[in-house]
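Chemist: Input: one structure, supplied below.
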Amino acid sequence: QLVFSTVHGLYQDRYVYRDCMTDVIIQHLVTEQKARIKCKDHVKKIAVYRGRLAVQLPDKVLVYELPGEEEEDNMQYRKRETIAKAMDCNLLVVTSQHVILCLER
């Protein structure tokens, strides 16, 4: 039997989770709106903070951002950056200015 762990993140009223191993769903918990990002690769980790979203794939980290001001019901994430490096980590964290990959020793 093959079991995959849950990959998800939460920030205030935004819940983000992996769907079908290669997609990311952003769900607004108050309005119940959903948006899908098709990554076309295995989603390993997800991090969300304010209007930023980081998605770790096997060979890169994609950083998405809400355009302009953070509107309550805006779900239109746009790709802002691609970090083209394969990095294995235990925890992925996104802040307002940085992406942090934590390694366990």
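The values are calculated or read from the model by the stated rules, or taken from the named source; none is laboratory data. Just so it is clear, the model here is predicted, and its values are computed rather than measured. Virtual Cβ from ideal backbone geometry, glycine too; neighbours counted across all protein chains shown.
Chemist: For segment 45-68, enumerate the residues that are in contact (Cβ under 8 Å) with a residue 40 or more places away in the chain and assigned to a loop (DSSP other than H, G, I, E, B).
Modeler: ARG50
Chemist: Let me ask something else. What are the residues in segment 22-44 that are closer than 23 Å to CYS102 by Cβ and either touching a residue at least 60 places away in the same chain (Cβ under 8 Å) or more than 10 Å from the chain's Cα centre (by Cα) (or both), if any?
Modeler: Once the filter is applied, which keeps residues that are closer than 23 Å to CYS102 by Cβ and either touching a residue at least 60 places away in the same chain (Cβ under 8 Å) or more than 10 Å from the chain's Cα centre (by Cα) (or both), segment 22-44 yields CYS39, ASP41, HIS42.
Chemist: Identify the residue in segment 53-83 that is touching a strand residue (DSSP E or B) at 6+ places or on another chain (Cβ under 7 Å) and of a type in the set (Asp, Glu) and, among all such residues, is farthest from VAL30 (Cα to Cα).
Modeler: Among residues in segment 53-83 that are touching a strand residue (DSSP E or B) at 6+ places or on another chain (Cβ under 7 Å) and of a type in the set (Asp, Glu), the one farthest from VAL30 (Cα to Cα) is GLU81.
Chemist: Taking the condition modelled with pLDDT of 95 or more, hydroxyl-bearing (Ser, Thr, Tyr) and surrounded by 14 or more Cβ atoms within 10 Å (Cβ to Cβ), does TYR77 pass?
Modeler: On the way: modelled with pLDDT of 95 or more: no; hydroxyl-bearing (Ser, Thr, Tyr): yes; surrounded by 14 or more Cβ atoms within 10 Å (Cβ to Cβ): yes.
Taking the combined requirement at face value, the residue does not satisfy it.
Chemist: Hey, ASP59 hits all of (1) exposed (fewer than 14 other Cβ atoms within 10 Å of the Cβ); (2) touching a Ser or Thr at 6+ places or on another chain (Cβ under 9 Å); (3) not β-branched (Val, Ile, Thr) but one; which does it fall short on?
Modeler: Unmet for ASP59, out of (1) exposed (fewer than 14 other Cβ atoms within 10 Å of the Cβ); (2) touching a Ser or Thr at 6+ places or on another chain (Cβ under 9 Å); (3) not β-branched (Val, Ile, Thr): (2).
Chemist: Of all residues in segment 1-21, how many are free of Cβ contacts under 8 Å to residues at least 24 places away in the same chain and of a type in the set (Ser, Thr, Tyr)?
Modeler: 3
Chemist: Just to be sure, is ALA86 small (Gly, Ala, Ser) and either in contact with a strand residue (DSSP E or B) (Cβ under 7 Å, 6 or more places away or on another chain) or assigned to a strand (DSSP E or B) (or both)?
Modeler: Spelling it out, it is not the case that ALA86 is small (Gly, Ala, Ser) and either in contact with a strand residue (DSSP E or B) (Cβ under 7 Å, 6 or more places away or on another chain) or assigned to a strand (DSSP E or B) (or both).
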